[in-house]
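The values are calculated or read from the model by the stated rules, or taken from the named source; none is laboratory data. What you see is a predicted model; the values in this text were computed from it and never measured. Note: ideal-geometry Cβ built from the backbone for every residue, glycine included; neighbour counts use all protein chains shown.
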Amino acid sequence: MDQDPQAGQLAVDHDAERIAAALRNSPHIATAAAEPGDTVRFTTTEGIAYRIRLNSTSPLTDAPMTEPIPTEAVAAAILNDPAFVVALPDEDVPVFPRQEPLPDPLPVQGITVQSREGFFYYLALELDPTRATTRREPPAPAADTTHAPDPRVEQLAVAYWNRTRTGGAAWIRLKPEIRAELTEKAGLWLQAAEQAGLVPVATAPSGEHAAVLLDEQGTVWAQVPTSDAGEDLVLPLVYAREEASSRRDLEDQGHRLTHIGWTR
């Protein structure tokens, strides 16, 4: 269960959906779905059905963790392989120390593993003194000050959330950090779509270019440049001639055609 320590609010619906999605990625799970509220139902590949209820609990440590616990992450990765059916970490909270110099003796934490063939192993995890132990912070992305925010990014993020959610949580009810994460992903999707030529770029190639718009009736419009920034004028576009051109020939000549919708 995801909890905001400042507001004391729970994001049950969203975390239930993320848990169901994680289960669906496991080779040991056949089906998994979140239900509104606090329930996840899943079925194993052996056909056994289970129900998970999300209940509030105390945090593992005094402060919320900002990164995966190494032992738990390793166990999850092993269990996600179809060759293993058990990957059980030690019961103690497996948090490696970060201080330097390294403690003596080195802390050891373990995972009990069983392969599908029935072989058991105990994996002993310890700090590797031959590697750098200082934590490396990922470089902060450079702020893009050359372009204004593209309003299509949030529109895409909202549309994706409404398309994929299985619970009743609306976009506006999501925690700010969740909306920010989905918006960041939507920005990457939009950039990829621009590079693939599926959508037009957000900024005009030059001041002489005007936006081409398509309404829900299939009518194509062109924005009319004006000296007054407050003016918002558009003109309908019509076919100037009946003679058609080969799309392949145009693309061979360097023209880049972007599909913006359907006309009639």
List, please: which pairs have Cβ atoms under 7 Å, are six or more places apart or on different chains, and start with a residue in segment 191-209 that is in contact (Cβ under 8 Å) with a residue 24 or more places away in the chain and end with one that is of a type in the set (Gly, Ala, Ser)?
199/193
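Residues checked against (1) under 25 Å from residue 109 (Cβ atoms); (2) loosely packed, with under 10 Cβ neighbours inside 10 Å; (3) modelled with pLDDT of 85 or more; (4) out of contact with any helix residue (DSSP H, G or I) (no Cβ under 8 Å at 6 or more places or on another chain):
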| residue | (1), (2), (3), (4) |
| --- | --- |
| 31 | no, no, yes, no |
| 44 | no, no, yes, yes |
| 62 | yes, yes, no, yes |
| 75 | yes, no, yes, yes |
| 79 | yes, no, yes, yes |
| 88 | yes, no, yes, no |
What is the one condition in (1) under 25 Å from the mean Cα position of the chain (by Cα); (2) modelled with pLDDT under 85 that residue 92 does not satisfy?
(1)
What number of residues within segment 181-201 are basic (Lys, Arg) and not in a helix (DSSP H, G or I)?
0
